[in-house]
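J.: Got a structure for you, questions after.
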Amino acid sequence: MSLAPAASEIVLGQADEQGLHHQLTAGQMSMVAVGGSIGTGLLLGSAAALEVAGPGVILSYVIAAFLAYTVAMALGELASTHPAAGSFGVYGELYLNQYLGFLCRAAYWAAIAFSIGAELVASATYMTYWLPAVPGEVWVIVFSAMLLLVNLRSVGSFGRFEFWFSMIKFATIVAFILAGAALLFSGRVAPQYTAHGGFFPKGPVAPLLAVFWAIYAFGGIEMLAVTTGESHSAKDIPRATRLTFFSLAIVYLGAITVLVGVMPWNHTGVAESPFVSVLRMARVPAAAYFMNFVVLTAALSGANAKLYVASRLLFSMGRSGWAPASLGKLNSSGSPRLALLVSSYGIVTALIIENWAPKQAFLYIMGAAFSGLIFSWAVSLAAHVSFRRRLTSAQVAALPIRSPLGLWGSIIGFVLVSIAIIHTLFATRVNEVGGFVFFAALTIAYLLLRRHRQSQ
C-alpha cells in the first residue's frame, strides 16, 4: 500500500506552507507546546484533582501521561511525514474525511482562540495582587497589545520570546520538585502518601474520576504539530516530539508525586495553591509573591502560544478554502496578520463575558471549548490508525520517528480519549448543552462552506 496520499491531497497539505518562514528550532517548537500546556491545569487544577482522588491521583497522572504519549507519538509520525500548519486538521482530511478534517480544525481554532481571552483575564487577576487599584481591563489591553506585537513579528522572534517565557515556568516547577524532594528526604516533612486514609482514601475508582483533570493538564501537547509548518528542518520534528513529551511527563509526574508526598491531600485547595504551600514549607522567601509571578508568566505564555497556534490554524483554513482566502495571506515578516487579528476575538469575548454576561455563560463556552480541544486528540489518533494501515513494514521502518506503541497504541488511545470526550460532554448539563450547540453550529458551517466550495 502507498505511503503517500493522492496528488490532490498532497497539494492540500503543502498549501499550508506557501510563504511561511521556516525558522523554528526543535527547542523552540517544543517550548511552544510546553508553554501552551503548563498552566492552570497543573498550577491550580492539581488541588482539585487531589481532592477527588487523594494520593491515588498519581495514578491519574500516569494514565494521562500514557494517553498524551499516544497522541504525541501519533502526531510525531504524521507531522514528520506531512509537516503542515493545519496539522491534525490536515491529517484528518487526508486520512479520514473532509468533514472531520474541517470539524477538527474549526473546533480547535474556536476553542483555543476563546481560551486566549480566558488566559488574559486570569493575567489581569494576578496583576491585581500587586496593583489592586488598576482596573483589570487595563491589563487585558496592555497584555493583548504586547502579544499581538510579538506574534506580528517574524516567527523566529516569536520562537525566542516563547522559549524564554516557557523556560520560566519549566525551571520553576523543576525547582519546586527539588525543594519538595529535599523536604521529604531530609525528614523535615513526614511522607503523606498513606497518612490520611491510605493511598486510596476515596476508593480505587477515584483515580479514574480524577484522570480528566490530569488530561486537561496535558492539553497543549498537540500544539507541537502546528509548529511543524514552520520548523527549521524536518529533521527537528522527531527530536521536538520526544523533547515535548518527556519534558511534560517528567515535570507533571515529578510535581504531582512531590505534591502528594508533602501536602496532606485533605488540606489542599483550602486557602492557596498547593505549590505556594510547599514553597512556604521549604522556606522560600516571599513564596506567595514568587508564585504569583510564575502563574502570571504561565498565563501570558499560554496566551502567547495559543494565539500563535490559532492564527496558524486559521491561516491553514484560508489556504485550503475552509475560510476566506484573505485569511491565508502573510505580511512581510511571514506572519498571517489578518488570521492573527481574527484569532484574537477571544480577548474581546472574554472581556464581555467577564464584565456583563452571567457567570453561567462563561461556563457554557468553556465547556464547549474543552470539548473542541480534546476532540483534536481523537481525530489525530484516528487519522494515525488510518495512516499506519496504509504502510508496509518497510515504510514503517523508514519513518523519521516511530511510535513504539504502533497502531495498537493509537487504537487504545482513541478509545480512552473517546471515553474522556463522552464523560466531559455529559458530566454536567452545562457541558452537554454547550458542546452540542458548539458542534451543531460547526456542522452547519461545514455544510454551507462545502456548498460554496462546490459552486466555485
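The values are calculated or read from the model by the stated rules, or taken from the named source; none is laboratory data. Since the model is a prediction, treat every value here as computed from it, not as a measurement. So basically every Cβ, Gly included, is an ideal-geometry build from the backbone, and we count neighbours across all protein chains shown. Note: accessible area is taken over every heavy atom of the protein model, side chains too, but ligands, DNA and RNA are not part of it. Shrake-Rupley method; radii C 1.70, N 1.55, O 1.52, S 1.80 Å.
J.: Rounded to the nearest percent, how much of the accessible area of region 295-351 (1.4 Å probe, protein heavy atoms only) is carbon and sulfur?
T.: For region 295-351, the apolar C and S fraction of the accessible surface comes to 62 percent.
J.: Run the numbers on region 32-149 and let me know its relative contact order in percent, using alpha-carbon pairs under 8 Å that are six or more apart.
T.: Relative CO of region 32-149 lands at 10 percent.
J.: Hey, what did the chain get for relative contact order, percent, Cα under 8 Å, at least 6 apart?
T.: This gives 34 percent for the chain.
J.: With a 1.4 Å probe and all protein chains kept in place, how much accessible area does W377 have, in Å² rounded to the nearest 10?
T.: Here the residue's solvent-accessible area equals roughly 10 Å².
J.: Please name which of I347, F439, S333 has its Cα lying farthest along the dipole of the chain towards the positive end, using unit charges on Cβ (Lys, Arg +1; Asp, Glu -1) and the Cα centre as origin.
T.: Going by the charge dipole, the pick is S333.
J.: Using unit Cβ charges (K, R positive; D, E negative) and no other charged atoms, how large, in debye to the nearest 20, is the dipole of the chain about its Cα centre?
T.: 400
J.: Taking all protein chains together and a probe of 1.4 Å, list I177, I63, I419 from the most accessible to the least accessible.
T.: Highest to lowest solvent-accessible surface, that is I419, I63, I177.
J.: With every protein chain in place, what's the accessible area of Y69 (1.4 Å probe, Å², nearest 10)?
T.: Estimated to the nearest 10 Å², Y69 gives 40 Å².
J.: To continue, here is another question. Between S393 and T125, what is the spin-label point distance in nm, taking each point 7 Å from the Cα along the Cα→C-beta axis?
T.: If labels sit at S393 and T125, their model points lie 5.6 nm apart.
J.: On to the next question. How much area per residue is accessible in the chain when the probe is 1.4 Å and only protein heavy atoms are counted (Å²)?
T.: Using a 1.4 Å probe on heavy atoms only, each residue of the chain averages 39 Å².
J.: With unit charges on the beta carbon (Lys/Arg positive, Asp/Glu negative), name the residue among L253, A214, L147 whose Cα is farthest towards the positive pole of the charge dipole of region 142-280.
T.: About the Cα centre, the residue reaching furthest to the positive side is L253.
J.: Charges at C-beta only: +1 for Lys and Arg, -1 for Asp and Glu. How large is the resulting dipole of region 234-322 about its Cα centre, in Debye rounded to 20?
T.: It comes to approximately 340 debye.
J.: Could you sort K329, K235 by their accessible area in this structure, using a 1.4 Å probe and putting the largest first?
T.: K235, K329
J.: While we're on this one: What does the highest-first list of 110-121, 307-318 look like by mean Cβ count within 10 Å?
T.: Ranked from most to least packed, the peptides come out as 307-318, 110-121.
J.: If I require 15 Å or longer along the helix axis, counting alpha carbons, and a Kyte-Doolittle average no lower than -1.0, what helices from the chain are left? Use full DSSP H segments.
T.: In the chain, the long hydrophobic H runs are 26-37, 57-81, 98-127, 136-152, 155-186, 206-218, 236-262, 287-319, 345-355, 359-389, 406-427, 429-455.
J.: Ok, one more. Please give the solvent-accessible surface of R402 in Å², to the nearest 10, using a probe radius of 1.4 Å with every protein chain present.
T.: 120
J.: Still on this structure, I have one more. Sum -39500 (n - 2.57) across every DSSP H segment of at least 4 residues in the chain, then divide by the residue count to get the 222 nm mean residue ellipticity, nearest 500.
T.: Theoretical 222 nm ellipticity from helices: -24500 deg cm²/dmol.
J.: If contacts are Cα pairs under 8 angstrom and at least 6 residues apart, what is the relative contact order of region 109-164 in percent?
T.: Over region 109-164, the number comes to 23 percent.
J.: So I have (1) 1.10; (2) 1.33; (3) 0.95, and one of them is Cα Rg over 2.2 N^0.38 Å calculated from this model. Which one is it?
T.: Answer by label: (3).
J.: Just name one of G198, T227, M167: the one whose Cα is farthest towards the positive end of the charge dipole of the chain (beta-carbon charges, Lys/Arg +1, Asp/Glu -1).
T.: The one lying farthest along the dipole's positive direction is T227.
J.: With a 1.4 Å probe and all protein chains kept in place, how do H267, H196 rank by accessible area, largest first?
T.: My answer, sorted largest first, is H267, H196.
J.: Further question: What is the Cα centroid distance between region 314-329 and region 79-141, reported in whole angstrom?
T.: 17
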